[in-house]
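Remarks on the structure that follows.
What follows is calculated from the coordinates using simple rules that are stated; it is not laboratory data. None of the values given here were measured: they were computed from a predicted structure. Don't worry about glycine lacking a Cβ; one is built from the backbone with ideal geometry, like all the others, and counts go over all protein chains shown.
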Amino acid sequence: MEERVLTRNIGRPGSETLKAYRDSGGYTALSRALKEMSPEDVAERVTRSGLRGRGGAGFPTGKKWSFIPKGTGKQIYLCVNADESEPGTFKDRLLIEKDPHMVVEGTALAAYAIGCRRAYIYIRGEFVHGARVLEGALREARAAGFLGRDVLGSGVDIEIHVHRGAGAYICGEETALIESLEGKRGHPRLKPPFPAVVGLYGCPTVVNNVETLACVPHIIERGPEWFASLGPPNNGGTKLFSVSGHVSRPGVYEVRMGTPLRALLDEQCGGVAGGRRLKAVIPGGSSVPVLTADDIDVALDFESVAAKGSMLGSGGVIVMDERTCMVKAGAVVARFYAHESCGQCTPCREGTPWMERVLWRIERGEGQSGDLELLLSMCVNIFGRCLCPLGDAAAMPVRSYIQRFRDEFEYHIRERRCLAAGGFS
Amino acid sequence: MISDATRARINELFERYPDRRSAMIPLLLLLQEERGWLSPETMREAGEVLDLPPVRIYEVATFYTMLRTRPCGKYLLQVCRNLSCSLVGGEGVLRHIEKRLGIHDGQTTPDGCFTLMTVECLGSCGTGPVVQVNGDYHENLDVAKLDKLLDSLT
Ligand SMILES: Cc1cc2nc3c(=O)[nH]c(=O)nc-3n(C[C@H](O)[C@H](O)[C@H](O)COP(=O)(O)O)c2cc1C
Ligand code: FES
């Protein structure tokens, strides 16, 4: 179950330094790739490894890289998505602060594979410390010849820059990230064209999550077959889970893909805090449908979680015990998406604050009969009707809270008070 | 006026991008760090540096929550109000700050020392409740730790 690949250095003193990274074999994958492999070889290994994007959607990484058109004469860009703003997710921050060179090496390998000479790490503005650590790692890597002109005498140029955001969840969405990097408001673009064809500065662009790229050096070093064998078919590797809420030992856990959620919670995290009973678990960040306590015998891979009606998402696991009011949990989640809607699309701009208002009204004991039908109809009218999935990210959880905890919502409306108490403090 | 030292840092920023406009957010963060907030005058200067009309600066400055178009206290207390923090005591942390400082969300103490803001998830949910004070995260807070923290800020 537990398998420390990405987190193998974490906890060691000085793990963020070049020396510590090299002592554990760091940058050998990059040296080998530049000497012995063509860019296509690197991409082909990543494809065979079964690596899928860790940013939320689980798109096969090798396939994404293959969409970059060849021979256009344009620059090719790589954007590393370090926006980490899906509530309940705090794994990329750990990698960035504690093992930044792994992120740098993975970025350099991906850049080599797609023919990119200049990559940007887009890091959320609040991660002031993380940005500083990354800048330090980039300076060290440049000085040691792992970045810059003619990397390790290979004739290949790879430059990586840190770019700080300034507080906007939507900039985690890949086209909003690109707009923001171009110095504009973070407004998602209409797709197609996809970034692989028209991305940053109108050039072919790959956007990958931090954790996705951190897997790449290990795939090159230990082989795609080894990586694939860590998880079920089409779910290669390990996965970082950020576990928070009512749990005995919150934190970031690295387990093999396909590990049962129950084992993660009970064996790794010590179960529900205070020996209380479990009520609900969000498995993949606040935008995915909630699971009930009866649903946690599920393998943590993309297909199995989807079969339970939720999503693996970013691996942000939020645990709620028996005292938690699900109406309030839904309202807090809805408030977030209402706050973060970029305002471009009417269903999302108008619908998310409306959902939030109705949920708080129910929570306060001022709900009206028909409010649940109203909320569910808003979910229908937002879902799939916007430029980007932010509206879906609001509609999916709200619908799931009502469907799976409907008796609690009805009690709130009928009795004008709450069934549960003490979950929020 | 933009100092020579700041100019040098801005020029470094420009080298990172093929298009100057990409330096927008880093530039605004830099100016805000120096001046505390982005006044209309600062935004006009930023526009000159980037060779863009002031509206292009203003539309960005009003989009991102970390960019401030109003002055703020010496210490900006940003309290996470998202789900994970709320489940482990975030609401109590907010109530305690409000009571102790006598201000609410968006307000500044009369002496200009503290500004209180509730914010969404700070990416630190496993160590909640979290309050970000200027650039620094303070994690696993409770009332006693909070009092110690506030005592240390003057
Ligand atoms: C509203 C929204 C927010 C997102 N936030 C993030 C984020 O914070 N970090 C991230 O890596 N991906 C985020 N994504 C997913 C990205 O759009 C993109 O799919 C991802 O970065 C691709 O990288 P991957 O293939 O390596 O997963 C978000 C998507 C949406 C729709
Ligand atoms: S919920 Fe507070 S940091 Fe994520």
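So the values come out like this:
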read-out: Pairwise Cα inverse-distance average, inverted: Kirkwood Rh of the range A:157-219 (Å); value: 12.8 Å
read-out: Value of [θ]222 nm, deg cm²/dmol, for chain A, DSSP H segments ≥ 4, -39500 (n - 2.57) each, nearest 500; value: -12500 deg cm²/dmol
read-out: Placed amide H near A:GLY199: partners under 5 Å, 5+ positions off or other chain; value: A:THR205
read-out: Rg followed by Dmax, in Å, when the range A:36-103 is reduced to its Cα trace; value: 14.4, 41
read-out: All lysines inside 22 Å of A:LYS328 as judged from Cα atoms, apart from same-chain residues fewer than 8 positions distant; value: A:LYS279
read-out: Placed amide H near A:ARG52: partners under 5 Å, 5+ positions off or other chain; value: A:THR61, A:GLY236
read-out: Whole-Hz couplings from phi, Karplus 6.51/-1.76/1.60, listed for the range B:51-63; x for Gly and Pro; value: 6, 10, x, x, 4, 5, 6, 4, 5, 6, 4, 8, 8
read-out: Burial ordering of A:SER66, B:SER152, fewest other beta-carbon atoms within 10 Å first; value: B:SER152, A:SER66
read-out: At q = 0.09, 0.11 Å⁻¹, base-10 log of I(q)/I(0) for the protein assembly as shown (Debye sum, equal scatterers on each alpha carbon); value: -0.68, -1.04
read-out: Descending semi-axes in Å of the range B:75-153, equivalent ellipsoid built from Cα gyration tensor; value: 19, 12, 12
read-out: Among A:VAL255, A:VAL128, A:VAL298: highest mean-square fluctuation, GNM of chain A, C-alpha pairs under 10 Å; value: A:VAL128
read-out: Under the Karplus curve 6.51 cos²θ - 1.76 cosθ + 1.60, θ = phi - 60°, whole-Hz ³J(HN,Hα) for the range A:169-179, x wherever Gly or Pro sits; value: 3, 4, 5, x, 5, 4, 7, 5, 4, 5, 4
read-out: Per-residue Cβ neighbour rank within 10 angstrom, fewest leading, A:LYS239, A:LYS184, A:LYS328; value: A:LYS184, A:LYS328, A:LYS239
read-out: Most mobile listed residue (A:GLY271, A:GLY26, A:GLY183) in chain A, GNM with C-alpha springs under 10 Å; value: A:GLY183
read-out: Built amide H within the under 5 Å cut-off of B:PHE114, gap 5+; value: B:LYS74, B:TYR75, B:THR109
read-out: Backbone HN-Hα couplings from phi across the range A:185-197 [Karplus 6.51/-1.76/1.60, Hz, Gly and Pro as x]; value: 4, x, 9, x, 9, 6, 10, x, x, 7, x, 4, 9
read-out: Net dipole in debye of the protein assembly as shown [+1 Lys, Arg Cβ; -1 Asp, Glu Cβ; about Cα centre; nearest 20]; value: 240 debye
read-out: 17 Å Cα-Cα reach of B:LYS148 towards aspartates and glutamates, excluding residues that sit fewer than 8 places from it in its own chain; value: B:GLU98, B:ASP136, B:GLU139
read-out: Across A:LYS64/A:LYS91; A:LYS19/A:LYS98; B:LYS74/B:LYS99; A:LYS63/A:LYS98, pairs whose alpha-carbon gap is larger than 24 Å; value: A:LYS63/A:LYS98
read-out: 0 to 90° range, to nearest 10: angle between helix A:39-49 axis and chain A longest Cα axis; value: 40 degrees
read-out: Fraction of antiparallel bridges per DSSP, the protein assembly as shown only, in percent to nearest 5; value: 45 percent
read-out: Highest-fluctuation residue, A:VAL243, A:VAL104, A:VAL198 considered, GNM on chain A with Cα pairs under 10 Å; value: A:VAL198
read-out: Low-density loop positions, trypsin sites (Lys or Arg not before Pro), the range A:63-112 - DSSP coil, at most 10 other Cβ in 10 Å; value: A:LYS70
read-out: Net dipole in debye of chain B [+1 Lys, Arg Cβ; -1 Asp, Glu Cβ; about Cα centre; nearest 20]; value: 160 debye
read-out: Check: the range B:4-63 dipole with +1 on Lys, Arg Cβ and -1 on Asp, Glu Cβ, in debye; value: 120 debye
read-out: Chain B: antiparallel DSSP beta bridges as a percent of all, rounded to 5; value: 55 percent
read-out: Angle between chain B longest axis and helix B:4-15 axis [Cα atoms, degrees, rounded to 10]; value: 80 degrees
read-out: Lone cysteines, chain B (no partner Cβ under 4.7 Å); value: B:CYS72, B:CYS113, B:CYS121, B:CYS125
read-out: Mean residue ellipticity (222 nm) of chain B, computed from DSSP H runs ≥ 4 via -39,500 (n - 2.57), nearest 500; value: -13500 deg cm²/dmol
read-out: D (Stokes-Einstein, µm²/s), Kirkwood Cα radius, the range A:238-321, 1.567 mPa s at 4 °C; value: 107 µm²/s
read-out: Cα pair distances of the range B:4-63 binned at 10 Å [whole percent]; value: 24, 60, 16
read-out: Relative exposure of A:HIS218, A:HIS129, A:HIS161, judged by other C-beta atoms within 10 Å (fewest first); value: A:HIS129, A:HIS161, A:HIS218
read-out: Nearest-ten-degree value, helix A:210-222 long axis tilted from longest Cα axis of chain A; value: 50 degrees
